[in-house]
Amino acid sequence: MIRFLLFLLLGSTTIVSQAQNLYMPRNIQQAFRNGSRSPDGKPGKMYWQNRARYIISITANPPGRTIHGVEQITYVNNSPDTLNNLVFKLILNIHKPGAPRLGGTGEEYLTTGVHIDSFVVNGRTQPWGNNPGYFTTVPVRLQQPLKGGDSVQLEIKWHYDLSLQSGREGMIDSTTFYLAYFYPRVAVYDDYQGWDLTTFNDALEFYNDFNDYTLYVQVPKNYIVWATGTLLNPGAVLQSNVANKFKQSLSSDDIIHVITPQDLQSKNVTAQNDMNTWQFKAANVPDMALGLSDHFVWDASSIIVDASARRRASVQAAYNDTAADFHYMVHFGKQALEWLSFKWPGVSYPYEKTTVFQGYAGMEYPMMANDESYADTIFSRFVAMHELAHTYMPFYMGINETLYGFMDEGWATTFELLFNRDLMGNEKADNFYKQFRVAGWISDPSPDEDLPIITPGPNLNGGGVGNNQYGKPSLGYLAVKEILGDALFKKCLHEVHEPMAWQTSPAMGLL
Ligand SMILES: [Zn+2]
């Protein structure tokens, strides 16, 4: 849970900068001068992070596509600064007509966006503003400034329609939904850029605080919910035989069919209340996501990810039974978690579970992936492994993937190659990598392709995103690996993962 690789890299460049004069953004230079960052890559003496606790309740009632939510947020300002306003991320306003986007979009993608029904600050209702000029990033003035070291209680009610067209989130089919970015979230306020005012353009990725979440998902009977975090009440929402199979999977090496097509046909998998409330909890995670369906089957197993502690992680898959490749998904997920834990980066998978949900994205979320089904099962394994490799960056380390997606995508692209080499042999894996990850860049002479890797994500477009954030940095990682040798390279990666002292500092004890 550290946000430091970028600073580790940049920090080390200060040592050689006299000779090479490498570029460092001015705001990051300032963070070093302020002492919140330190040239050795460790947090500076003045380092801080803001964080929050979210208690979120949402209701979904398919095939109706309106999602209703209410949340209580305790937001803690650990910074030394007085905040006169908060900034919220309403990423789903990307679906509003007129929202700035990287590319064009069709009718079925459009919705009316996120509607804030009420906004309460420290018990007092405040107008939200609804400025039509704001879309995914919305500043809201506080009637009373939030001082450094202080916290604020927020309560927000909202609703939105899920888009018919599904990408990273949306309607998968009329009774299967994938929800991501589904709640108003306080943007990151950090020590080198203040509020994260980046406008989401449909191609940018995560930059979130580490928060604690309790999530309640209310759905009609016969709907199953898969989400980030621990399912707190399997006994209350599932029939006992299903709950037992699920519990068994948490300590089993075997792949258990928690819900089969026959179970679904009998409509006897969930508690038979009109509505069931599924409860999830996750601490120190940057985000929550969830999938729900009344006809997806559910496979689960588990695997040891920490040999000395004998700690297991659960690997689950939720999919339409007709998706042939997804029948192997739990097996693929286990292969990926084992490889990531013991080979590269060789750091125990840091969470209790992962769930691969069948959708249309190829997109990572904390403890989840929303992946498409492919006719080629080897390709499905490759995509699943790539998304699960993202667990470390951005989620566990909390890097700013919105600005510096190259660190994370470069990392996942490198590990996908090394994973494929182990499973398919060097030649096949290398050919695939060359074709899929670097050929487009090498053969494209446009100046977009020559942009420095450090170019912030919002300033890239088109092929620049794919090549600047995947193939190019991956070659960089491979070069460093070759120059340092595997042992030293691994030591560096582990250094980046080391939990830092500030995690237990008194400032963090506010929540
Ligand atoms: Zn990726």
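The values are calculated or read from the model by the stated rules, or taken from the named source; none is laboratory data. Keep in mind the model is a prediction, meaning the values are calculated, not measured. No Cβ is skipped: glycine too gets one built from the backbone with ideal geometry, and neighbour counts run over all protein chains shown.
Could you check region 235-253 and list, in sequence order, the residues that are surrounded by fewer than 19 Cβ atoms within 10 Å (Cβ to Cβ) and either within 18 Å of the chain's Cα centre (by Cα) or assigned to a helix (DSSP H, G or I) (or both)? Walk me through how you get there before you give the answer.
Here is the first cut: in region 235-253, the ones surrounded by fewer than 19 Cβ atoms within 10 Å (Cβ to Cβ) are 235-236, 239-241, 244, 247-248, 250-253.
Once the filter is applied, which keeps residues that are surrounded by fewer than 19 Cβ atoms within 10 Å (Cβ to Cβ) and either within 18 Å of the chain's Cα centre (by Cα) or assigned to a helix (DSSP H, G or I) (or both), region 235-253 yields 235, 236, 240, 241, 244, 247, 248.
Being more than 29 Å from residue 399 (Cα to Cα) and in contact with a Ser or Thr (Cβ under 6 Å, 6 or more places away or on another chain), is that true of even one residue in region 267-288?
Scanning region 267-288, I find at least one residue that is more than 29 Å from residue 399 (Cα to Cα) and in contact with a Ser or Thr (Cβ under 6 Å, 6 or more places away or on another chain), so the answer is yes.
Kindly list the number of the only condition in (1) part of a loop (DSSP other than H, G, I, E, B); (2) of a type outside the set (Phe, Trp, Tyr); (3) buried (at least 19 other Cβ atoms within 10 Å of the Cβ) that fails for residue 214.
Going through (1) part of a loop (DSSP other than H, G, I, E, B); (2) of a type outside the set (Phe, Trp, Tyr); (3) buried (at least 19 other Cβ atoms within 10 Å of the Cβ) one by one, residue 214 breaks only (1).
For residue 420, work out the one condition from (1) free of Cβ contacts under 8 Å to residues at least 60 places away in the same chain; (2) within 16 Å of the ligand (Cβ to nearest atom); (3) out of contact with any Lys or Arg (no Cβ under 8 Å at 6 or more places or on another chain) it doesn't fulfil.
Failing condition for residue 420: (3).
Check residue 114 against each of (1) touching a helix residue (DSSP H, G or I) at 6+ places or on another chain (Cβ under 8 Å); (2) surrounded by fewer than 21 Cβ atoms within 10 Å (Cβ to Cβ); (3) among the aliphatic types (A, V, I, L, M) and name the one condition it does not meet.
(2)
Residues in region 55-65 that are part of a strand (DSSP E or B) and either within 12 Å of residue 152 (Cα to Cα) or of a type in the set (Gly, Ala, Ser) (or both): how many?
So the answer is 1.
So, of the residues in region 386-402 that are free of Cβ contacts under 8 Å to residues at least 60 places away in the same chain and not hydrophobic (A, V, I, L, M, F, W, C), which turns out to be farthest from residue 207 (Cα to Cα)?
Just the residues of region 386-402 that are free of Cβ contacts under 8 Å to residues at least 60 places away in the same chain, to begin with: 386-391.
Now narrow it down to the ones that are not hydrophobic (A, V, I, L, M, F, W, C): 386-387, 390-391.
Numbers: 386: 19, 387: 16, 390: 13, 391: 14 Å.
The extreme case among them is 386.
Can you name the residue in region 359-405 that is charged (D, E, K, R) and within 12 Å of the ligand (Cβ to nearest atom) and, of all such residues, is farthest from residue 467 (Cα to Cα)?
371
Could you list all residues from region 170-207 that are within 16 Å of the ligand (Cβ to nearest atom) and in contact with a strand residue (DSSP E or B) (Cβ under 9 Å, 6 or more places away or on another chain)?
Result: 180, 205, 206, 207.
Conditions tested, residue by residue: (1) of a type in the set (Asp, Glu); (2) modelled with pLDDT under 95; (3) over 27 Å from residue 200 (Cβ atoms).
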site	(1), (2), (3)
12	no, yes, yes
25	no, yes, no
37	no, yes, no
55	no, no, no
73	no, no, no
80	no, no, yes
